[in-house]
Structures are given as C-alpha cells and as structure tokens.
Amino acid sequence: MEEEWRRLELEILNCSKCRLSNSRTRAVPGEGNKKALVMFIGEAPGEKEDEQGRPFVGPAGKLLTELIESTGYKRSDVYITNVVKCRPPGNRDPEEDEIEACLPYLLKQIDLIKPKIIVTLGRHAGSTIFRLAGLKWTSMAVNHGRVYVGKIQGREVKIIPTYHPASALYKPPLRRVLEEDFKNTIKPTIDEEMGKKPQPRGKTLLDYI
Ligand code: URA
Ligand code: SF4
C-alpha cells in the first residue's frame, strides 16, 4: 500500500502526459488521510498550490478548510485532491483532453482510498465524477447539496456535489449556499458513515458478571 502510494505520487510529480506539464511549477498529487471515509475533489491547482505542491492552500483552500472544520472534522481526517494535478496557465479551465489524460491518477487514488463519500467542488469535478459513476449531470443549481449513489470501478459511493469554494470568493452569496450544503448534507452524511464504522467496544455490565 505504502509502496503503491509512493509510486503513484512519484509518477504524478514526474508526469508529462499532457501540455500542462510544460507550464506547471510542481504537480499536486493530493494530501490527507489515505484511509479517509471522505474525499474532496476540486478542479485543478491554482497559483499557491502550484508553488507549494499541496492542494487547496490558497484563499479557496482557506475557505475549504473552514468549511471542513465546520462539520467537526479536521482537514487531516479527509483526503483532498483535484481532477487535474497540474495548474492550467492563468487558472483557465482544464480542457477535456487534459482531464482525460489525468483521470487514471484520480481513479487510482479512489481505488486505494476506497472512500464511502466523495464531495465534488465545482462543475468540472461534479460532472467528471458523475460520468465515472454512471450518473447524469444536470447543472450545479440542480445537483448541489444532494446525495447521489453511484458505482465507481464496481464500488458503491455516495457523491455530494457542491460549489467550488473559489466561486464564493467572487460571488459572496454562494458562501451561504456552500455553508448550508456542508451543514445540511455533507456533515450528516459523514456522521452517518462514521456511525457505521465498528467502534472499539467499552466494558459493559456483562464483563463484570
Ligand atoms: N482550486 C482547486 O480546484 N484546487 C485547488 O487545489 C486550489 C484551488
Ligand atoms: Fe500529467 Fe495530469 Fe499533470 Fe497532465 S495534469 S501533466 S496528465 S499530472
């Protein structure tokens, strides 16, 4: 497992499968708990991420960290990555062929982590994960804040699309929408999955008789 992760991360760091490799400073594989119940998937690294080689460390990352903490979990409890691992020049949208070239890395990460829940951030992540899961993407306005059940590589996973935190930075009313998606859908769904994990058993009356 460790060895597989090391190999995957090295492959991403040295990848030149698409044109984004020409303009990036550093590829950004992702970070967090490799046994997480929840994966957060964004679009692509921005300027700060490209400098530091870590996902969501700029202004959008600060908001994402606050939103995750608002659920009572820590950033380090979850795994955070992007659909595309290298920064598109000037933060333009990733192109179809770039997403296709990079997809095997995301699939491998999903395969290794086996998350129960995937939260997608923004339209690109939402529509890409829906396609992988055999679900029909309609629009962010329709799909955000709801739980969808799909299968990715034969494993059932709950998918919750929401807006990209960066969109709330230039459209302030979206911040409330994001906060409500975290409060009303994302937190309860994580809590429910946490409740299914076998808990270490404390002593009961039966242990004393
Ligand atoms: N926006 C993203 O989609 N991903 C990041 O890692 C940072 C900003
Ligand atoms: Fe490779 Fe993905 Fe970076 Fe393109 S975006 S060079 S496919 S790691």
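The values are calculated or read from the model by the stated rules, or taken from the named source; none is laboratory data. Predicted model only: the values in this text are computed from it and were never measured. In this analysis, Cβ positions are derived from the backbone assuming ideal geometry, glycine residues included, and neighbour counts consider all displayed protein chains.
Things worth noting here:
- Candidate set: segment 53-62, residues that are near ligand 1 (Cβ under 10 Å from one of its atoms) and either part of a helix (DSSP H, G or I) or under 15 Å from the mean Cα position of the chain (by Cα) (or both); chosen: the one farthest from Ala168 (Cα to Cα): Arg54
- Single condition Lys85 does not satisfy, out of (1) within 11 Å of ligand 1 (Cβ to nearest atom); (2) buried (at least 22 other Cβ atoms within 10 Å of the Cβ); (3) not in a loop (DSSP other than H, G, I, E, B): (3)
- Total residues in segment 111-130 satisfying the condition of being closer than 17 Å to Asp93 by Cβ, aliphatic (A, V, I, L, M) and assigned to a strand (DSSP E or B): the figure is 1.
- Residue match in segment 91-110 (condition: within 16 Å of ligand 2 (Cβ to nearest atom), in a loop (DSSP other than H, G, I, E, B) and buried (at least 19 other Cβ atoms within 10 Å of the Cβ)): yes
- Gly30 being under 23 Å from Leu132 (Cα atoms) and at pLDDT 95 or above: yes
- Within segment 138-154, tally of residues that are surrounded by fewer than 17 Cβ atoms within 10 Å (Cβ to Cβ) and part of a loop (DSSP other than H, G, I, E, B): 6
- Considering (1) of a type outside the set (A, V, I, L, M, F, W, C); (2) in contact with a helix residue (DSSP H, G or I) (Cβ under 7 Å, 6 or more places away or on another chain); (3) under 28 Å from Asp181 (Cβ atoms), the lone condition that Lys48 does not fulfil carries the number (2).
- Asn14 being touching a helix residue (DSSP H, G or I) at 6+ places or on another chain (Cβ under 7 Å) and among the polar types (S, T, N, Q): no
- Of all residues in segment 168-195, those that are assigned to a helix (DSSP H, G or I) have Cβ atoms under 6 Å from Cβ atoms of residues that are at pLDDT 95 or above and small (Gly, Ala, Ser), 6 or more apart or on another chain, in Leu174/Ser167; Leu174/Ala168; Arg175/Ala168; Leu178/Ala168; Asp181/Gly145; Phe182/Ser70; Thr185/Gly145.
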